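Q: Please find one structure pasted underneath; my questions will follow.
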Amino acid sequence: MWNIIEKILKEKGLNQEQLAKRMKVHSGTVSDLKKGRIKKPSFELMCKIADALEISLDVFREKEEQ
């Protein structure tokens with residue numbers, strides 16, 4: 001999942017700290033996602049990620065199915 005997030009961050013010119021700020025979460029949460037410490041993010045967290053990146057949750061589903 002982090003690969004998808006990282007790709008979108010690059011496309012949008014954002015860094016992890018900016019993502020955390022947009023999500024209104026501690027930067028450690030984003031770091032935990034990157035490092036794989038959060039294996040199965042909650043629906044609420046996934047919504048925060050999608051909203052912060054201005055993408056649909058379907059982006060994560062589509063990439064997994066490919």
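The values are calculated or read from the model by the stated rules, or taken from the named source; none is laboratory data. These figures come from a predicted structure and were not determined experimentally. Note: ideal-geometry Cβ built from the backbone for every residue, glycine included; neighbour counts use all protein chains shown. Heads up: the accessible areas ignore ligands, DNA and RNA and are worked out on the full protein's heavy atoms, side chains in. Shrake-Rupley method; radii C 1.70, N 1.55, O 1.52, S 1.80 Å.
Q: Restricting to the range 39-66, and then to whatever is among the acidic types (D, E) and in a helix (DSSP H, G or I), can you tell me which residue is farthest from the chain's Cα centre (by Cα)?
A: My answer is E65.
Q: Still on this structure, please answer the following. Would you mention how many residues in the range 8-18 are without any contact (Cβ under 8 Å) to a residue 24 or more places away in the chain and either under 14 Å from L33 (Cα atoms) or exposed (fewer than 12 other Cβ atoms within 10 Å of the Cβ) (or both)?
A: Of the residues in the range 8-18, 6 are without any contact (Cβ under 8 Å) to a residue 24 or more places away in the chain and either under 14 Å from L33 (Cα atoms) or exposed (fewer than 12 other Cβ atoms within 10 Å of the Cβ) (or both).
Q: Against the conditions (1) open to solvent by less than 60 Å² (accessible area, probe 1.4 Å); (2) of a type outside the set (F, W, Y); (3) without any contact (Cβ under 8 Å) to a residue 40 or more places away in the chain, where does V59 fall short? Just the number, please.
A: Condition not satisfied by V59: (3).
Q: Considering only the range 19-38, how many residues are in a helix (DSSP H, G or I), within 20 Å of S56 (Cβ to Cβ) and open to solvent by 50 Å² or more (accessible area, probe 1.4 Å)?
A: 1
Q: Here is a follow-up. With the structure loaded, tell me whether I8 is at pLDDT 95 or above, of a type in the set (A, V, I, L, M) and in contact with a helix residue (DSSP H, G or I) (Cβ under 6 Å, 6 or more places away or on another chain) or whether it fails that test. Spell out the reasoning first.
A: Numbers: at pLDDT 95 or above: yes; of a type in the set (A, V, I, L, M): yes; in contact with a helix residue (DSSP H, G or I) (Cβ under 6 Å, 6 or more places away or on another chain): yes.
For I8, the condition - at pLDDT 95 or above, of a type in the set (A, V, I, L, M) and in contact with a helix residue (DSSP H, G or I) (Cβ under 6 Å, 6 or more places away or on another chain) - is met.
Q: Continuing with the same structure: Cβ-Cβ distance below 7 Å, separation of 6 or more or different chains: which pairs start in the range 31-49 with a residue that is without any contact (Cβ under 8 Å) to a residue 24 or more places away in the chain and end on one that is of a type in the set (D, E)?
A: I38/D32
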